[in-house]
Amino acid sequence: MRQAEGMRLLTVFGERRTWGALGYAFIGFPLGVAGFVFAVAGLAVSAGLSVTLIGVPLLGFVVTAAGIIGAGYRRLGRSLLGVEVEKPTVRRRPGLVGYVSERNGWRALLFLLLRFPLAVVDFVVATAFTAYSLGGTSYPIWWHFVHQRVNGRERHGFQFVGNTFADTPLRVLAVFAVGVVLLLAAPWAVRVVTGADRLLIQNLLGPTKASRRIQTLEQTRTMAVDDAAAALRRIERDLHDGAQSRLVSLAMSLGLAKEELDGETSEETLTRLRALIDSAHREAKDTIVDLRDLARGIHPPALDRGLRDALATLAARAALPTTLQIDLPERPSAAVESIVYFCAAELLTNAAKHSGARRASVDIRGVNGHLLVRVGDDGAGGAELGRDGGTGLIGLTDRIATVDGRLTIDSPDGGPTLVTIDIPLA
């Protein structure tokens, strides 16, 4: 147990992150002083010159430069503190007003102002622990060379309170032990004081919750537009290759029948007419089936009666015996119902085709404002995103993302498989 604790202390002391935090404390002090001076001087001079034509452009320069300095701190925090912060999205209005009102630049200015006291604390703690720990651990080497005369007597070593000196073997060993303790505690102390820097970098130099939300909405909007475009292309292709070609064949058959009627009505002619009409009748029925399937693919008629009835019909027609459980306090929106229906249909189809399962289950319930959809099977497992060529589960993930939903897969090799879809109802 003691050996494990010792190894853990040595591991922490030897971590790159530990030395990075120590380096950040030393490097960050002059950078913090320079950044604070720049921020204060830039704001003060810009405010003083605001009545002239130079003040506003100068303020725009200060804000822009602060954003550039903030980018440097993001890289420094990533390399020395291990803080992974995304680059914030710049949404600048056109013209000079855009540079002055750029939000990320003002957040970087606030960072430079708050960073100064933290830089002082970091530097003092790092310097104190480094100096005292190195001094204590090396004390047995240099204590004898430190001497002074006290009350006419030559004394060596470090002087404690009063006339007490660390000049005996026991006292030298005690100073050495304190130095070792400080040396082992230094990484933890530096990590603690630089923790505030990590929070400051994450909250002021990274994207805000609002900008993340906007970026997510832009991505989901793009997904929705692409999904709608793909659906329109699929509908056009199905109409062109299916129903349209059958209608053309039907029109040609009826045209030939009409031409035959304009001529003689012999027994041979009537036989050919019957054959043409039978062919046209079959084409008409097949076209009706194609159009019905196409319409069902756009919006299943069963959804008009609600998600419960639609999924009950889907489970009854599934290739695998499927159990269905639904517990919804209220009916979801039409968009959510459609997404849940098509996702359940795709997952049941995948289970029947690829998993070798004998049974499947669909469990849908509302929990704390979220719609949870769990589709499972007792198959061989091993399902994961991208394994099917990127057309199945990834497509479902993109479809769910349009309503801020998430898809998770639990499918170990050997099974079973459970796919969970979480969609916020608000």
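Would you call residue 304 at pLDDT 70 or above, open to solvent by 60 Å² or more (accessible area, probe 1.4 Å) and assigned to a helix (DSSP H, G or I)?
yes
Results for (1) among the aliphatic types (A, V, I, L, M); (2) at pLDDT 85 or above; (3) closer than 24 Å to residue 202 by Cβ; (4) open to solvent by 60 Å² or more (accessible area, probe 1.4 Å), shown as yes or no for each residue.
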residue: 37; (1), (2), (3), (4): yes, yes, no, yes
residue: 46; (1), (2), (3), (4): no, yes, no, no
residue: 51; (1), (2), (3), (4): yes, no, no, yes
residue: 55; (1), (2), (3), (4): no, no, no, no
residue: 65; (1), (2), (3), (4): yes, yes, yes, no
residue: 68; (1), (2), (3), (4): yes, yes, yes, yes
residue: 72; (1), (2), (3), (4): no, yes, yes, no
Checklist entry - Which condition number in (1) polar (S, T, N, Q); (2) loosely packed, with under 15 Cβ neighbours inside 10 Å; (3) at pLDDT 85 or above is the one that residue 417 fails? => result (2)
Checklist entry - In this structure, is residue 44 more than 38 Å from the chain's Cα centre (by Cα) and of a type in the set (A, V, I, L, M)? => result yes
Next on the checklist: Among the residues of region 352-373, are any surrounded by 21 or more Cβ atoms within 10 Å (Cβ to Cβ) and more than 21 Å from residue 308 (Cβ to Cβ)?
Outcome noted: yes
Checklist entry - Can you name the residue in region 381-411 that is modelled with pLDDT of 80 or more and open to solvent by 60 Å² or more (accessible area, probe 1.4 Å) and, of all such residues, is farthest from residue 329 (Cα to Cα)? => result 410
Item to check | When residues of region 323-345 are limited to those that are acidic (Asp, Glu) and over 14 Å from residue 310 (Cα atoms), the one modelled with the lowest pLDDT | outcome: 330
Checklist entry - How many of the residues in region 317-345 are surrounded by 18 or more Cβ atoms within 10 Å (Cβ to Cβ) and charged (D, E, K, R)? => result 1
Checklist entry - What pairs can you find where one residue is in region 162-189 and surrounded by fewer than 13 Cβ atoms within 10 Å (Cβ to Cβ), the other is modelled with pLDDT under 75, and their Cβ atoms are less than 7 Å apart, with a gap of 6+ or different chains? => result 163/150
Item to check | Conditions (1) among the small types (Gly, Ala, Ser); (2) over 22 Å from the mean Cα position of the chain (by Cα); (3) not in a strand (DSSP E or B); number of the one not met by residue 361 | outcome: (3)
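Condition check ((1) part of a helix (DSSP H, G or I); (2) touching a Phe, Trp or Tyr at 6+ places or on another chain (Cβ under 8 Å); (3) under 27 Å from residue 78 (Cα atoms); (4) of a type outside the set (Lys, Arg)) across all residues:
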position: 19; (1), (2), (3), (4): yes, no, yes, yes
position: 25; (1), (2), (3), (4): yes, yes, yes, yes
position: 30; (1), (2), (3), (4): yes, no, yes, yes
position: 33; (1), (2), (3), (4): yes, yes, yes, yes
position: 37; (1), (2), (3), (4): yes, no, yes, yes
position: 43; (1), (2), (3), (4): yes, no, no, yes
position: 58; (1), (2), (3), (4): yes, no, no, yes
Next on the checklist: Go through (1) modelled with pLDDT of 70 or more; (2) open to solvent by 50 Å² or more (accessible area, probe 1.4 Å); (3) within 34 Å of the chain's Cα centre (by Cα) for residue 119 and report which single condition fails.
Outcome noted: (2)
Next on the checklist: One residue is enough: does region 100-114 have a residue meeting the conditions outside any helix (DSSP H, G or I), open to solvent by 50 Å² or more (accessible area, probe 1.4 Å) and modelled with pLDDT of 70 or more?
Outcome noted: yes
Next on the checklist: I'd like the residue in region 5-33 that is open to solvent by 60 Å² or more (accessible area, probe 1.4 Å) and at pLDDT 80 or above and, out of all such residues, is farthest from residue 101 (Cα to Cα).
Outcome noted: 26
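The values are calculated or read from the model by the stated rules, or taken from the named source; none is laboratory data. A quick note: this is a predicted structure, and the numbers were derived from the prediction, not measured. Quick reminder, even Gly has a Cβ in these numbers, built from the backbone with ideal geometry, and neighbours come from all protein chains shown. These area figures cover heavy atoms from the full protein model, side chains too; ligands, DNA and RNA do not enter into them. Shrake-Rupley method; radii C 1.70, N 1.55, O 1.52, S 1.80 Å.
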